[in-house]
Amino acid sequence: MMQAKAIGARKDYMGYGLAVVLAGALALVLLNPSEGQQARYQPHEAIFARKILFSDRIDGGISIRDAATGQLIGEIQPGEGGFVRGALRGFIRERRLENPGAESPLRLAALQGGAIILEDPASGRWTDLRAFGATNLQSFAEILFKKNEEGK
């Protein structure tokens, strides 16, 4: 016959480990470091800034205009400018969810240290475009520093 063994209480170290990991994740969410960064990027710190209006064209392209002058800066042809299109969609989608009908310009700004940010002054949302790599940063730098096209 088999004898019954007395099983002692065992500690559940896996449960403690999971609790520590979850507490750490919660602390990161609550103490979101990006919230503090937003205060650093104030309009007066820009080396160069431009308010820009982006508008969809019937053919699927995008017209880019200087908001101050209304002059055409450039155009993105249908099927081109994938990163620019994606970034703009994200900003516009969020704006329409928060404040439908708001068609105010977005702001592109070059900051000290080489950052170029895309900002929605209406919502306060912004993104440092360096995070998406040099090629994608260059796409917005060309828009920011491009002279208005003549005669359009």
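The values are calculated or read from the model by the stated rules, or taken from the named source; none is laboratory data. Predicted, not measured: the structure shown is a model, and the values here were computed from it. Cβ placement follows ideal geometry from the backbone for every residue including glycine, while neighbour counts extend to all protein chains displayed.
Checking the range 137-149 against the condition returns a match, with at least one residue being touching a Leu at 6+ places or on another chain (Cβ under 9 Å), assigned to a loop (DSSP other than H, G, I, E, B), at pLDDT below 85 and among the polar types (S, T, N, Q).
Scanning for something modelled with pLDDT of 80 or more, in a loop (DSSP other than H, G, I, E, B) and surrounded by 14 or more Cβ atoms within 10 Å (Cβ to Cβ), does the range 37-56 turn up at least one residue? Within the range 37-56, not a single residue is modelled with pLDDT of 80 or more, in a loop (DSSP other than H, G, I, E, B) and surrounded by 14 or more Cβ atoms within 10 Å (Cβ to Cβ). Residues that are under 13 Å from the mean Cα position of the chain (by Cα) and of a type in the set (G, A, S) were ranked within the range 119-132; the one that is modelled with the highest pLDDT is A131. S104 passes all but one of (1) hydroxyl-bearing (S, T, Y); (2) in contact with a strand residue (DSSP E or B) (Cβ under 6 Å, 6 or more places away or on another chain); (3) modelled with pLDDT under 85; which number fails? Evaluating S104 over (1) hydroxyl-bearing (S, T, Y); (2) in contact with a strand residue (DSSP E or B) (Cβ under 6 Å, 6 or more places away or on another chain); (3) modelled with pLDDT under 85 leaves (2) as the failure. Checking I73, I92, I64 one by one, the residue that is at pLDDT below 85, in contact with a strand residue (DSSP E or B) (Cβ under 9 Å, 6 or more places away or on another chain), surrounded by 15 or more Cβ atoms within 10 Å (Cβ to Cβ) and not hydroxyl-bearing (S, T, Y) is I92 and no other.
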